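To start, the structure under review is shown below, and the notes come after it.
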Amino acid sequence: MSTENDTAAAERVRQPPSEDAQFIVGVIAAAGDHDWPALRRQLSALDPADIADVIEHVPLETARTIAKMIGRHLPPEFLPELSWERREEILPELPADYVGQALGQLDTDDAAAVAADIDEKQLGRVLAAADEDTRLAVEEALSFDEETAGRLMQREYVAAPEGAMVGDVIDRMRVESAELPDVFFEIYVVDPAMRPVGAVHVSKLMRETRETPIASIMAPIKAIIRTEMDQEEVAHTFQKYHLASAPVVDDAGRLTGTMTVDDIIDVISEEGEEDLLKLAGVSEAAQTDSVSKTVRARAPWLLVNLATAVVASNVISQFQGSITQLVALAVLMPIVASMGGNAGTQALAVAVRAIASRDLTESSAPRYILREAMTALSNGLIFAVVLALVVGIWFHNTQLALVIGAAVLINFLCAGLAGILVPLTLRRIGADPAVSSSVFVTFVTDIIGFMAFLGLATIVLLGG
């Protein structure tokens, strides 16, 4: 995938390594001189996902040495299991002929993912070592934008003409078994122009007699994916229709590939992690990331937070006289801002999730806004009363209790509205709501909280 943006999420969510992988990582860490034949045997005995875990969890230089010394003897299936960062780092150490042959042994979607992380100069040598079908499939995949169905789809699929019989389809699959996907769920029925008109589940096909026309048992296709469709939209389509697979068509509507649920699980994990990290204003930090890379990824948002904090401090400075006369204001004002910030963050998390799942649309926005406003108002009333009672008992000052109660109520209402309106506004102007919403929501709750509390206190307690 090889995106250059530090805010890109990991290609897949890494699970903790298995016990076997952990053992080998420990052996590598303890060994001074590696016994490469022994290590090769140990790694080859592991599942490809566990081999990838070992490569992920050893230091970078060790990973490069492993790739250089025994990489060509490892099963190609471990390559798509690596994170794209680690893949980029070790691919230059692998022989071009090994990588080229490996691409031919992988499903076309996995081959495209691996090829996307190969340096441009090395990619030419790799594709020269690959067979013609693999080379054409990879070049076609790389012609599509990242994170689109055209880049992610599997180019092996099973299709049958409308006039075929069940027996004909089964016989053809047996004869052409080497060209079939390793795993598939449906057979697509196509018209003479290769446009999908229906689908037959493999389980249903196997229950019918050989003389049954395949057109008589096909079901309508619930969703057709276009090659330019964004991967997040594809994932939403799979969730909406509970799909195991779906056909992918080109601009002319011709069948060109398929998307399967295993690809979508990776997409959902990737997009969910990406949104979660963006909501916090940070990027994914792999264990191999350097301190400088991590600092560069996080510092810009801390700078934005610093700017908003300076503005909030400036608001406080306007009430220095009031704070000097009544020290209790300095003690209590962080409570108002903090509670408002938490309320805003709650509303924001709900809004960003609803936007990501496409539940929050222009038509449903008024209902969401009203719900968040009423929720904020209700919570505001509850905690305004609670805090007013606490402050009244603490400071023996009824007016101060009423002031802080009113300030909390105002800030809660503004926080709830900001939590829903800020991401909606950012989405409307074309910005990513998950990236910068939290900064602006916190800014609103701080400013409103300080102004409401200190302003009311100045007017009510100190006579304006």
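Quick note: the coordinates plus some simple rules give every number you see, no bench work behind them. Quick caveat: nothing in here was measured; it's all calculated off a predicted structure. In this analysis, Cβ positions are derived from the backbone assuming ideal geometry, glycine residues included, and neighbour counts consider all displayed protein chains.
Placing R0 at 35 angstrom, the Cβ-Cβ distance between residue 217 and residue 143 gives a FRET efficiency of 0.45 after rounding to 0.05. By definition, a body whose alpha carbon gyration tensor gives a ≥ b ≥ c is oblate when a/c is 1.5 or more and a/b is not larger than b/c, and the range 291-460 fits this oblate description.
For the range 159-262, a Kirkwood radius taken over Cα pairs fed into Stokes-Einstein (25 °C, viscosity 0.890 mPa s) yields D = 173 µm²/s.
Using Cα centres only, tell me the gap between the range 148-223 and the range 412-464 in whole Å. Using only Cα atoms, the two centres lie 55 Å from each other. The relative contact order of the chain comes to 13 percent, based on Cα pairs under 8 Å that sit 6 or more residues apart. Note on the chain: Lys pairs 8 or more places apart or on different chains, Cα atoms under 24 Å apart, count 5. The C-alpha atoms of the chain define a longest principal axis, and helix 365-395 lies at about 40 degrees to it.
Cβ crowding within 10 Å ranks 28, 265 as 265, 28, fewest other Cβ atoms first. Taking Cβ atoms as reference points and 10 Å as the exclusive limit, the residues near residue 244 contribute a net charge of -2, counting Lys and Arg as +1 and Asp and Glu as -1. In the chain the Cα-Cα distances spread across 20 Å bins starting at 0 as 20, 39, 28, 12, 1 percent of all pairs.
The angle separating the long axis of helix 398-428 from the principal Cα axis of greatest extent in the chain is about 30 degrees.
Taking the fewest neighbouring Cβ atoms within 10 Å as the starting point, the ordered list for 131, 53, 182 is 182, 131, 53. Pairs of Cα atoms nearer than 8 Å and 6+ residues apart set the relative contact order; for the range 291-460 it is 36 percent.
Rounded to the nearest 500, the 222 nm mean residue ellipticity of the chain from helices alone is -20500 deg cm²/dmol, with -39,500 (n - 2.57) taken per DSSP H run of at least 4 residues.
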